[in-house]
Amino acid sequence: MDDAPATSLVLVRPGPRWEPDRPLAAQRYAAAHMAWIRKHVASGTALIAGPIWHYNEPLTGDLVGVLVLNLPVDAATALTRTDPAVIAERLTMSVHPFYRVVVDPEPTPDGSGDALDSAAAQRF
């Protein structure tokens with residue numbers, strides 16, 4: 001039985017060509033990156049997307065933003081490679097399995113109504 005999740009967590013970090021003294025909004029390929037994000041949010045492929053700090057301020061840590069993609073890891077990895085800012089090495093994206101918790105409209109045997117979206121839930 002395949003218990004891989006249907007969703008993926010993507011961590012977005014500065015790439016080798018990131019300009020550390022410029023905020024995300026001023027980085028080269030920022031507009032193309034945002035168009036890529038908006039396209040995937042509008043299509044429902046990206047469930048959540050956004051920076052983790054104010055995009056008009058220089059980055060102070062090593063994490064730019066996060067995405068939750070409605071795709072398994074292999075498909076999500078392939079998709080992240082199409083982001084223009086990733087292609088231009090301004091950003092890097094690492095993809096991880098994401099076991100999303102969903103609320104089932106029917107109560108579970110314990111009455112909580114909560115379930116994981118994967119067969120892995122049966123291990124808990």
Which FRET efficiency value, to the nearest 0.05, is calculated for LEU11 and ASN56 with the Förster distance at 25 angstrom and r the Cβ-Cβ distance?
-> 0.75
Using per-residue counts of other Cβ atoms within 10 Å, averaged over each peptide, order 6-16, 48-58, 25-35 from highest down.
-> 6-16, 25-35, 48-58
Amide N of the range 47-85 lying under 11 Å from the label point, which is placed 7 angstrom from the Cα of VAL103 along Cα→Cβ | none
Under a Cβ-Cβ cut-off of 15 Å, what is the net charge of the residues other than ARG17 that fall near it, where Lys and Arg count +1 and Asp and Glu count -1?
-> 0
For the range 20-32, 3J(HN,Hα) per residue [Karplus equation, 6.51 cos²θ - 1.76 cosθ + 1.60, θ = phi - 60°, Hz, x = Gly/Pro] | x, 8, 10, x, 3, 4, 9, 5, 5, 6, 5, 5, 5
The answer for the net charge of residues other than VAL95 whose Cβ lies under 15 angstrom from its Cβ, with Lys and Arg +1 and Asp and Glu -1, is +1
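Values quoted throughout were computed directly from the atomic coordinates according to the rules given, and no laboratory measurement underlies them. Bear in mind that the values here come from a model prediction, so they are computed numbers and not experimental data. With ideal geometry, Cβ positions are generated from the backbone for all residues, glycine too; neighbour counts draw on all protein chains shown.
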